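What follows is a short report on a single structure.
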Amino acid sequence: MATDVHGPLSPATTQAVHVEGLTRAFDGRAVIDDVHLDLAPGEFVALLGRSGCGKSTLLRVLAGLDRDIDGTVLVPRRRAVAFQAPRLMPWKRVWRNVLLGLPGRPERTLAEQALEEVGLGHRVNAWPKTLSGGEAQRVSLARALVREPDLLLLDEPFGALDALTRINAQRLVGELWQRRGCAVLLVTHDVEEAVLLADRVLVMDGGRIAHEQRVELDRPRELTDPRFAAIRADLLARLGVTPAAEAA
Ligand SMILES: Nc1ncnc2c1ncn2[C@@H]1O[C@H](COP(=O)(O)OP(=O)(O)OP(=O)(O)O)[C@@H](O)[C@H]1O
Ligand SMILES: [Mg+2]
């Protein structure tokens with residue numbers, strides 16, 4: 001397999017992400033098949049698709065966690081990932097978890113500021129096991145934020161949360177994105193979440209980006225807006241969800 005060209009963007013590039021002819025195969029089966037993808041700086045893109053279609057594989061490639069690829073992948077040097085499970089170290093206090101993996105000896109105040117930003121300024125010294133699911137997920141977001149990413153990669157970060165906590169976490173991500181101005185790629189199963197947050201929604205199928213939908217609605221977006229409902233219905237249809245199946 002050809003070596004990848006994964007690395008920082010050259011100064012001349014105007015995109016936050018540039019992917020060209022990306023292929024990733026497992027045991028001879030191409031899970032990602034000649035994908036082309038650009039993200040503009042500060043753009044929020046959501047990625048939908050059936051289970052097993054390759055969303056996490058693509059995200060891991062963009063994160064630099066998987067380099068066994070063919071094609072061209074250009075991503076910013078500063079990038080951060082948050083997964084569905086917060087992956088906190090149980091033997092480290094919350095603030096140490098936030099700083100985990102940062103180079104050098106980062107100041108505790110960095111963690112405190114990031115935790116403040118996600119509404120957890122009061123849990124700086126807590127042990128991970130004493131956090132609720134939503135709080136743990138917010139620590140995971142704080143850990144991403146201290147890296148001051150130009151690209152934030154989120155793999156179903158709200159998947160394990162209850163409905164109410166999920167709505168709050170979605171709102172928080174929307175606010176953080178607007179404040180920080182980084183590009184975001186959000187993998188989700190939730191069409192509503194995608195339309196609520198993203199500038200552009202992609203649907204992956206057969207190893208490719210099979211469909212692309214721009215969402216040109218003002219923010220904050222209203223679920224009751226008929227234009228919101230129309231985009232949502234169209235995306236559900238692209239995912240093979242019929243209205244009857246959705247209601248079931
Ligand atoms: N390390 C691996 N070795 C072999 N096959 C793999 C590996 N990682 C992923 N796959 C396969 O690649 C396909 C895509 O997996 P991926 O995790 O990207 O799907 P996904 O779209 O994120 O699914 P989900 O929505 O369920 O999270 C699956 O068929 C999976 O079994
Ligand atoms: Mg996945």
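The values are calculated or read from the model by the stated rules, or taken from the named source; none is laboratory data. Given the structure is predicted, the values throughout are model-derived calculations rather than measurements. So basically every Cβ, Gly included, is an ideal-geometry build from the backbone, and we count neighbours across all protein chains shown.
List, please: which pairs have Cβ atoms under 6 Å, are six or more places apart or on different chains, and start with a residue in region 85-104 that is loosely packed, with under 15 Cβ neighbours inside 10 Å and end with one that is not aliphatic (A, V, I, L, M)?
89/97; 90/128; 90/129
Could you list, in sequence order, the residues of region 18-53 that are among the β-branched types (Val, Ile, Thr) and either free of Cβ contacts under 8 Å to residues at least 12 places away in the same chain or in contact with a Cys (Cβ under 9 Å, 6 or more places away or on another chain) (or both)? Can you show your working first?
Here is the first cut: in region 18-53, the ones among the β-branched types (Val, Ile, Thr) are 19, 23, 31-32, 35, 45.
Hit for region 18-53 is 31, nothing else.
I'm told residue 214 meets every condition in (1) out of contact with any strand residue (DSSP E or B) (no Cβ under 6 Å at 6 or more places or on another chain); (2) modelled with pLDDT of 95 or more; (3) not hydroxyl-bearing (Ser, Thr, Tyr) except one. Can you identify the failing condition by its number?
(1)
Let's see how each residue does on (1) in contact with a Gly (Cβ under 6 Å, 6 or more places away or on another chain); (2) over 30 Å from residue 207 (Cα atoms); (3) at pLDDT 95 or above:
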| position | (1), (2), (3) |
| --- | --- |
| 69 | no, no, yes |
| 77 | no, no, no |
| 83 | no, no, no |
| 86 | no, no, no |
| 92 | no, yes, yes |
| 103 | no, yes, no |
| 121 | no, yes, yes |
| 127 | no, yes, yes |
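Whether any residue in region 108-116 is surrounded by 22 or more Cβ atoms within 10 Å (Cβ to Cβ) and assigned to a strand (DSSP E or B) is what I want to check. Before you say what the answer is, go through the steps one by one.
Here is the first cut: in region 108-116, the residues surrounded by 22 or more Cβ atoms within 10 Å (Cβ to Cβ) are 111, 114-115.
Now narrow it down to the ones that are assigned to a strand (DSSP E or B): none.
Scanning region 108-116 turns up no residue that is surrounded by 22 or more Cβ atoms within 10 Å (Cβ to Cβ) and assigned to a strand (DSSP E or B).
Can you name the residue in region 48-98 that is assigned to a helix (DSSP H, G or I) and either in contact with a Pro (Cβ under 6 Å, 6 or more places away or on another chain) or not hydrophobic (A, V, I, L, M, F, W, C) (or both) and, of all such residues, is nearest to ligand 2 (Cβ to nearest atom)?
Pass one, region 48-98, residues assigned to a helix (DSSP H, G or I): 55-63, 94-98.
Checking which are either in contact with a Pro (Cβ under 6 Å, 6 or more places away or on another chain) or not hydrophobic (A, V, I, L, M, F, W, C) (or both) leaves us with 55-57, 60, 96-97.
Values: 55: 5, 56: 3, 57: 8, 60: 9, 96: 28, 97: 23 Å.
Only one residue fits best here, namely 56.
Residues to consider are 154, 172; find the one that is in contact (Cβ under 8 Å) with a residue 12 or more places away in the chain, over 15 Å from residue 79 (Cβ atoms) and among the aliphatic types (A, V, I, L, M).
On the way: 154 fails: over 15 Å from residue 79 (Cβ atoms).
From the options 154, 172, the qualifying one is 172.
Exactly one condition in (1) modelled with pLDDT of 95 or more; (2) over 12 Å from the mean Cα position of the chain (by Cα); (3) hydrophobic (A, V, I, L, M, F, W, C) is not met by residue 163; state its number.
(1)
I want to confirm something. Restricting to region 185-213 and keeping residues that are out of contact with any helix residue (DSSP H, G or I) (no Cβ under 9 Å at 6 or more places or on another chain) and more than 15 Å from ligand 1 (Cβ to nearest atom), which single residue is farthest from residue 82 (Cα to Cα)?
212
Evaluate region 27-39: report whether one residue or more is away from ligand 1 (no atom under 12 Å from the Cβ), modelled with pLDDT of 95 or more, under 23 Å from residue 158 (Cβ atoms) and exposed (fewer than 13 other Cβ atoms within 10 Å of the Cβ).
no
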